[in-house]
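Structure first, commentary second.
The values are calculated or read from the model by the stated rules, or taken from the named source; none is laboratory data. None of the values given here were measured: they were computed from a predicted structure. Neighbour counts run over all protein chains shown; Cβ positions are idealised from the backbone, glycine included. Areas reflect the complete protein model, heavy atoms only, side chains present, ligands, DNA and RNA absent. Shrake-Rupley method; radii C 1.70, N 1.55, O 1.52, S 1.80 Å.
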Amino acid sequence: MTVRHFLTLKDLTPAELNQIMMRGIELKQMQKAGEIFEPLKNQTLAMIFEKSSTRTRISFETGMTQFGGHSLFLSSRDTQLGRGEPIADSARVISSMVDGIMIRTFGHDIVETFAKHSSVPVINALTDDFHPCQLLADMQTYQEHRGSIQGKTVTWVGDGNNMCHSYINAAAQYDFKLRIACPEGYDPNMDLVNAHKDRVEIVRNTLDASENSDLIVTDVWASMGQEEEQKLREVAFADYQVNTSVMQKADTDALFMHCLPAHRGEEVTADVIDAKDTVVWDEAENRLHAQKALLEFLMSKV
Ligand code: CP
Ligand code: NVA
């Protein structure tokens, strides 16, 4: 049987993504009911982190524990990978001993090379180009609060970054329209935009992009690895903030999402992210449930 990887949302079919979303909702209910379910007993997930993380590490590690398995936190600071051992060699060796590998790194080519040489499933836990695991949680959160996202309009406000790219893939896989409000010079990869131009458009004005939208999403102005550009980006992104005016332009039932960590007063105002009916905490918690569904899909042998 060929090994399945999850490097972008395009590695799974829309039907498989829907199945994982529904299973995530079910696994959440099972866990809240105190049901013990251990489909990954005796299995190990290697978790390679070359960038910082709170949610991703905790959700994968806890997910493996709840599934009866084990996880290994491998920081590049402490492994030979961080000292220049070739990615292909590392992939061969690590995958010979574990049942799944999760990687958070810089270049997307690193996870591609890792997957090519791995004998077990490889999960992209964020690269400079994509963050597909976050989309599993976001789509589950929308489904839980508003039902199907199919045919809806989503507005991305801010940087054309890894999250934005995964939203472009999500527009195709979950069948919604995506408007991207980003300043010139910070566009997403235009090859990706053009490949999806039937459902994705760039709208420079944030308020125009948000009109009647069903979901408003944003992310930090400077991603991990871009810290030195922070000041420059604060100027460039000044008109790309999700605030009350933006939410008022959107549909009255519109949700606001943010993958977190958030910078209040920059990409989002405190009154929006901390609103009484905010779903961002559900969104963060759903990383656990959605990724458990992914782990079960990729790693369960029964
Ligand atoms: N949203 C997200 O991936 O958070 P962490 O960087 O804390 O893992
Ligand atoms: N775009 C952000 C997402 C963090 C979860 C980054 O790459 O730092």
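For the reader, a short list of remarks on this structure follows.
- Any hit, the range 8-26, residues being loosely packed, with under 15 Cβ neighbours inside 10 Å and either at pLDDT below 95 or touching a Lys or Arg at 6+ places or on another chain (Cβ under 8 Å) (or both): no
- Failed condition for Trp281, given (1) under 22 Å from the mean Cα position of the chain (by Cα); (2) assigned to a loop (DSSP other than H, G, I, E, B): (2)
- Restricted to the range 1-117, the set of helices (runs of 4 or more DSSP H) holding at least 2 residues that are farther than 27 Å from Tyr142 by Cα comprises 87-97, 108-116.
- If the condition is being open to solvent by 10 Å² or more (accessible area, probe 1.4 Å) and either out of contact with any helix residue (DSSP H, G or I) (no Cβ under 8 Å at 6 or more places or on another chain) or not in a loop (DSSP other than H, G, I, E, B) (or both), then the range 138-151 contributes Gln143, Glu144, His145, Arg146, Gly147, Ser148, Gly151.
- Leu135 vs. criteria open to solvent by less than 10 Å² (accessible area, probe 1.4 Å) and within 19 Å of Tyr240 (Cβ to Cβ): no
- Restricting attention to the range 180-207, the residues being open to solvent by 80 Å² or more (accessible area, probe 1.4 Å) and in contact with a strand residue (DSSP E or B) (Cβ under 8 Å, 6 or more places away or on another chain) number 2.
- Verdict on Asp128 being surrounded by fewer than 21 Cβ atoms within 10 Å (Cβ to Cβ) and either assigned to a helix (DSSP H, G or I) or out of contact with any strand residue (DSSP E or B) (no Cβ under 6 Å at 6 or more places or on another chain) (or both): yes
- From the list Ser52, Ser59, the lone residue that is under 30 Å from Val200 (Cβ atoms), open to solvent by 60 Å² or more (accessible area, probe 1.4 Å) and within 16 Å of ligand 1 (Cβ to nearest atom) is Ser52.
- Residue ranges of helices (runs of 4 or more DSSP H) in the range 162-255 with at least 2 members more than 21 Å from Leu135 (Cα to Cα): 206-210, 230-236, 244-249
- The residues in the range 245-267 that are within 16 Å of Thr141 (Cβ to Cβ) and within 16 Å of ligand 1 (Cβ to nearest atom) can be counted, and the count is 6.
- Within the range 210-229, the set of residues being surrounded by 13 or more Cβ atoms within 10 Å (Cβ to Cβ), more than 22 Å from the chain's Cα centre (by Cα) and in contact (Cβ under 8 Å) with a residue 12 or more places away in the chain comprises Glu211 only.
- For the range 29-47, the candidate set comprises residues that are closer than 17 Å to Pro121 by Cα and free of Cβ contacts under 8 Å to residues at least 60 places away in the same chain; within that set, the residue that is least open to solvent (accessible area, probe 1.4 Å) is Ala46.
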